[in-house]
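Worksheet: the structure to be examined is printed underneath.
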Amino acid sequence: MPETLPVHPVGYVRRRGEESVLEISSEFAEALLGVEQQEHLWVLFWMHRLSPEERRRLRAHPMGDRSRPQRGVFALHSPFRPNPIGMTRVRLLSREGNRLHVEGLDALDGSPIIDIKSG
C-alpha cells in the first residue's frame with residue numbers, strides 16, 4: 001500500500017453568497033463535456049483550513065453537541081478527519097466555459113476541488 005497518494009486539484013471554489021462558482025483549470029476543460037446536461041453534481045473538495053491537530057482528531061461529539069457522547073469520525077459527518085475530504089451534492093445552475101455555477105455547496109472560498117461526479 002502506498003504511503004502517499006497523489007491528489008491534484010482540478011479547480012477551486014469561489015463563494016458568492018448562497019451560490020458558488022467551481023473554477024475548473026483549463027487543463028481539465030475536456031472533462032466538462034456534457035456536464036450542463038446534469039441537474040445535480042457531487043463535488044469532492046479538500047477542507048484546506050483544517051489544522052494538523054484537527055486532522056489528528058479521531059473522535060468528536062455529534063454535531064458538536066458536548067451533551068452527546070463522542071463517536072469516531074468515520075461514524076460522523078464531522079470535518080475532523082485524517083484526510084479532510086468534503087463531499088456535497090449540489091444543484092448545477094449554469095456553465096460558463098470552465099466555470100460551473102452551483103447551489104448548495106458547503107465548501108469554503110478557495111477550497112481545492114478534487115473531483116466532480118454526476119449526481
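Worth a mention:
- Long-range neighbours under 7 Å by Cβ, at least six apart or interchain, first residue farther than 12 Å from Met87 by Cα within region 104-116, second at pLDDT 95 or above and of a type in the set (Lys, Arg): Asp109/Arg14
- Any hit, region 79-91, residues being exposed (fewer than 14 other Cβ atoms within 10 Å of the Cβ), assigned by TED's automatic domain parsing to the domain that holds Leu32 and in contact with an Asp or Glu (Cβ under 7 Å, 6 or more places away or on another chain): no
- Flag for Val102 being assigned to a loop (DSSP other than H, G, I, E, B), modelled with pLDDT of 85 or more and out of contact with any Gly (no Cβ under 8 Å at 6 or more places or on another chain): no
- Pairs meeting the criteria (first residue in region 65-91 and assigned to a loop (DSSP other than H, G, I, E, B), second residue surrounded by 10 or more Cβ atoms within 10 Å (Cβ to Cβ) and acidic (Asp, Glu), beta carbons under 7 Å, at least 6 apart or on different chains) are Phe80/Glu54.
The values are calculated or read from the model by the stated rules, or taken from the named source; none is laboratory data. Since the model is a prediction, treat every value here as computed from it, not as a measurement. Quick reminder, even Gly has a Cβ in these numbers, built from the backbone with ideal geometry, and neighbours come from all protein chains shown.
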